[in-house]
Amino acid sequence: MQLKRVVVTGLGALTPLGNNLETYWSNLLKGVSGAGPITRFDPEKFKTKFACEVKDYDPLNYFDRKEVRKMDLFTQYAMISSEEAIKDSGLDLEKLNREKAGVIWGSGIGGLRTFQEEVSSFSQGDGTPRFNPFFIPKMIADISAGMISIKYGFHGPNFVTVSACASATNAMIDAMTYIKLGKANVMITGGSEASVVEAGMGGFNAMKALSERNDSPETASRPFDKDRDGFVLGEGSGALILEEYEHAKARGAKIYAEVVGGGMSADAHHITAPHPEGLGAHNVMVNALEDAQMKPEEIDYINVHGTSTPLGDVSEVIAIERVFGEHAYNLNISSTKSMTGHLLGAAGAIEAIASVMAIKEQVVPPTINHFTDDERFDPRLNFTFNKAQKREVNAALSNTFGFGGHNTSVVFRKID
Amino acid sequence: MSEIASKVKSIIIDKLGVEDSEVTPEASFTNDLGADSLDTVELIMEFEKEFNISIPDDQAENIATVGDAISYLEANVQQ
């Protein structure tokens, strides 16, 4: 069986750097930080009092009041970015065969605020179970894919992938694979997360996963810097329209890039710590390149997982050096989490968008907040510190790794 | 309009996102006001909370219109 080719024909983003694709991308290139004091709740008693929140967000600019009540924030974000991507793709929904159009979305947690509110209200009561009938359908992670399909009438494959911070990349890989196999022509994919709530901050703080640099939120996310002290929690959503190449060509679609391959692996090591030698990270990049039928030397840019944690950044770099050998020094490497913070289950989506845009615009967004070199990293590696770099980007690889030891990697290439 | 009726009306407007003028006594939650089965359950729960009563399921099933809700509550809420 001849596998189909898959291309990206639409993008949408709702991020801490901007509430649409254009603002997101231009702020990535400018090196803007999305971090600031938490506004969603009073963080006074929390160890970390800042996050990368979506700014100036009023749900009533997008939905009516009744819709807002029935959707957790992570679903609202999903609806908004997928709508931008659909519009961007120029797909004519009337002409589209919707039996072969699907939605595979990613979310690491789902409706955390809804869960927190409902369970709190129960625990403060007298034991009478007065749960809201929308509690479960608002909270479950898969409702995002369900809601998107209802809006567009897409009857094809429909589900949500849950693999913590790898969720959206798993979603994209699945969406790509279904198109390659001919099971769908068009897929809406991506991910969304909205866990800047007490339960999210408190939970990640307890794990000692978050930066506690409260005196300087904008410089807290500093991947590969010697003084990095944890990740900065982010929120938002990214959406991509993946489409079978001939289907896209036949309608004269704008094509951003080809999605050539995806890799998946497990560390099988520890619930939260990465494998110290980056075993899973090594394997997943090898798998992705093999799936893409590409050599390591063909990659120009790696958008790394690079969360700004002491251990994670090291093991990922070890893995890159093992996979790419001497070519590692020709690569541009950057962690856009230095600007966006860590969007957990949505990270893979907005970072895939950064990778696709790097190919389209031939420029690599930076890793900001570099102050002090860490001697554990070979100085010959180019981490694109502090400033975007123009260069030829023919192919880009995007890594995302999740708690649980889930590793995913996806490869995009310029369309010939 | 009784105090109960006006509270019922405002709950319906809030939960179903409808206009004041649509909330007539004859209006059916599902046929006229766009409620689905979950909305109806939520409405009943809101009435229970607001008026501090418990509405048994077999009674709740008979509350299909704005007028049904108002008359049930006027008959069962201690004023």
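The values are calculated or read from the model by the stated rules, or taken from the named source; none is laboratory data. Treat the numbers as computed from the prediction; the structure is a model and nothing was measured. Note that each Cβ is placed from the backbone with ideal geometry, even for glycine, and that neighbours are counted across all protein chains shown.
Strands (runs of 3 or more DSSP E) wholly in the range A:331-416 with at least 2 residues that are touching a helix residue (DSSP H, G or I) at 6+ places or on another chain (Cβ under 7 Å), surrounded by 24 or more Cβ atoms within 10 Å (Cβ to Cβ) and on the phi < 0 side of the Ramachandran plot - which ones?
Correct list: A:395-402, A:406-413.
Just give me the residues in the range A:394-410 being more than 14 Å from A:VAL323 (Cα to Cα) and of a type outside the set (Gly, Ala, Ser), in sequence order.
If the condition is that a residue be more than 14 Å from A:VAL323 (Cα to Cα) and of a type outside the set (Gly, Ala, Ser), then A:ASN394, A:THR400, A:PHE401, A:PHE403, A:HIS406, A:ASN407, A:THR408, A:VAL410 are the ones that fit.
How many residues are assigned to a loop (DSSP other than H, G, I, E, B), surrounded by fewer than 23 Cβ atoms within 10 Å (Cβ to Cβ) and not basic (Lys, Arg) if we restrict to the range A:211-248?
Qualifying residue count, the range A:211-248: 6.
When you scan the range A:249-256, do you find a residue that is surrounded by 22 or more Cβ atoms within 10 Å (Cβ to Cβ) and not hydroxyl-bearing (Ser, Thr, Tyr), even just one? I'd like the intermediate steps shown before the answer.
Here is the first cut: in the range A:249-256, the residues surrounded by 22 or more Cβ atoms within 10 Å (Cβ to Cβ) are A:256.
This time we only want the ones that are not hydroxyl-bearing (Ser, Thr, Tyr), so: none.
Checked against the condition, which is being surrounded by 22 or more Cβ atoms within 10 Å (Cβ to Cβ) and not hydroxyl-bearing (Ser, Thr, Tyr), the range A:249-256 yields no hits at all.
Of all residues being of a type in the set (S, T, N, Q), outside any helix (DSSP H, G or I) and over 30 Å from A:GLU84 (Cα atoms) in the range A:110-158, which is farthest from the other protein chains (Cβ to nearest Cβ)? Just the residue, please. Lay out the reasoning, then the answer.
Narrowing the range A:110-158 to residues of a type in the set (S, T, N, Q): A:114, A:116, A:120-121, A:123-124, A:128, A:132, A:144, A:149, A:158.
Checking which are outside any helix (DSSP H, G or I) leaves us with A:124, A:128, A:132, A:158.
So of that shortlist, the ones also over 30 Å from A:GLU84 (Cα atoms) come out as A:124, A:128, A:132.
Values: A:GLN124: 13, A:THR128: 9, A:ASN132: 6 Å.
The extreme case among them is A:GLN124.
Answer yes if at least one residue in the range B:68-78 is within 14 Å of chain A (Cβ to nearest Cβ) and of a type in the set (A, V, I, L, M), and no otherwise. Can you show your working first?
Taking the range B:68-78 first, the residues within 14 Å of chain A (Cβ to nearest Cβ) are none.
No, the range B:68-78 has no match at all.
Check B:ILE63, B:ILE4 and return the single one that is more than 10 Å from chain A (Cβ to nearest Cβ), crowded, with 19+ Cβ neighbours inside 10 Å and touching a Phe, Trp or Tyr at 6+ places or on another chain (Cβ under 6 Å). Break it down stepwise before answering.
Working: B:ILE4 fails: touching a Phe, Trp or Tyr at 6+ places or on another chain (Cβ under 6 Å).
Of B:ILE63, B:ILE4, the one residue that is more than 10 Å from chain A (Cβ to nearest Cβ), crowded, with 19+ Cβ neighbours inside 10 Å and touching a Phe, Trp or Tyr at 6+ places or on another chain (Cβ under 6 Å) is B:ILE63.
Looking at the range B:1-55, which of its residues are among the small types (Gly, Ala, Ser) and outside any helix (DSSP H, G or I)?
B:SER2, B:GLY17, B:ALA27, B:SER28, B:GLY34, B:ALA35, B:SER54
Quick one: which residue in B:THR30, B:THR40 is within 13 Å of chain A (Cβ to nearest Cβ), surrounded by 12 or more Cβ atoms within 10 Å (Cβ to Cβ) and among the polar types (S, T, N, Q)? Steps first, answer last, please.
On the way: B:THR30 fails: within 13 Å of chain A (Cβ to nearest Cβ).
Being within 13 Å of chain A (Cβ to nearest Cβ), surrounded by 12 or more Cβ atoms within 10 Å (Cβ to Cβ) and among the polar types (S, T, N, Q) holds for just one of B:THR30, B:THR40, which is B:THR40.
Just wondering, is there one or more residues in the range A:44-53 that are within 30 Å of B:ASP36 (Cβ to Cβ) and not assigned by TED's automatic domain parsing to the domain that holds A:LYS387? Don't jump to the end; show me each part of the working.
Our first condition is that a residue be within 30 Å of B:ASP36 (Cβ to Cβ); within the range A:44-53, this holds for none.
Within the range A:44-53, not a single residue is within 30 Å of B:ASP36 (Cβ to Cβ) and not assigned by TED's automatic domain parsing to the domain that holds A:LYS387.
Cβ contacts < 6 Å: first residue over 14 Å from B:SER71 (Cβ atoms) and within 12 Å of another protein chain (Cβ to nearest Cβ), restricted to the range B:45-56; second residue outside any helix (DSSP H, G or I) and not polar (S, T, N, Q), any location; separation 6+ or different chain. Result?
Between residues of the range B:45-56 that are over 14 Å from B:SER71 (Cβ atoms) and within 12 Å of another protein chain (Cβ to nearest Cβ) and residues that are outside any helix (DSSP H, G or I) and not polar (S, T, N, Q), the close pairs are B:GLU48/B:ILE55.
I'd like to know if the range A:100-109 contains one or more residues that are surrounded by fewer than 22 Cβ atoms within 10 Å (Cβ to Cβ), touching a strand residue (DSSP E or B) at 6+ places or on another chain (Cβ under 9 Å), more than 14 Å from chain B (Cβ to nearest Cβ) and assigned to a helix (DSSP H, G or I).
Yes - at least one qualifying residue is present in the range A:100-109.
Residue by residue through the range A:51-81, note down the ones that are part of a helix (DSSP H, G or I), away from chain B (no Cβ under 14 Å) and surrounded by fewer than 19 Cβ atoms within 10 Å (Cβ to Cβ).
Within the range A:51-81, just A:ASN61 meets the criteria.
Of the residues A:PHE159, A:PHE154, which is aromatic (Phe, Trp, Tyr) and surrounded by 19 or more Cβ atoms within 10 Å (Cβ to Cβ)?
A:PHE154
Could you check, for the range B:15-27, whether at least one of its residues is within 25 Å of A:GLY125 (Cα to Cα), of a type outside the set (Gly, Ala, Ser), free of Cβ contacts under 8 Å to residues at least 60 places away in the same chain and within 13 Å of another protein chain (Cβ to nearest Cβ)?
Yes, the range B:15-27 contains at least one residue that is within 25 Å of A:GLY125 (Cα to Cα), of a type outside the set (Gly, Ala, Ser), free of Cβ contacts under 8 Å to residues at least 60 places away in the same chain and within 13 Å of another protein chain (Cβ to nearest Cβ).
Do you know which of the residues in the range A:268-303 that are part of a loop (DSSP other than H, G, I, E, B) and either aliphatic (A, V, I, L, M) or touching a Cys at 6+ places or on another chain (Cβ under 7 Å) (or both) is surrounded by the most Cβ atoms within 10 Å (Cβ to Cβ)?
Going residue by residue through the range A:268-303, those that are part of a loop (DSSP other than H, G, I, E, B) are A:268-278, A:293-295, A:299-300.
From the residues that got through so far, the ones that are either aliphatic (A, V, I, L, M) or touching a Cys at 6+ places or on another chain (Cβ under 7 Å) (or both) too are A:268, A:271, A:273, A:294, A:299.
Working: A:ALA268: 9, A:ILE271: 9, A:ALA273: 14, A:MET294: 17, A:ILE299: 27.
Ranking the qualifying residues of the range A:268-303, first place goes to A:ILE299.
For every residue, the table says whether it meets (1) farther than 27 Å from A:SER216 by Cα; (2) touching a Cys at 6+ places or on another chain (Cβ under 8 Å).
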site	(1), (2)
A:THR309	no, no
A:GLU316	no, no
A:GLU326	yes, no
A:TYR329	yes, no
A:SER335	no, no
A:GLY341	no, yes
A:ALA347	no, yes
A:ILE353	yes, no
A:ILE368	no, no
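Which of (1) surrounded by fewer than 24 Cβ atoms within 10 Å (Cβ to Cβ); (2) within 25 Å of A:ALA239 (Cβ to Cβ) is the odd one out, the single condition A:VAL314 does not satisfy?
That leaves (2) as the condition not met.
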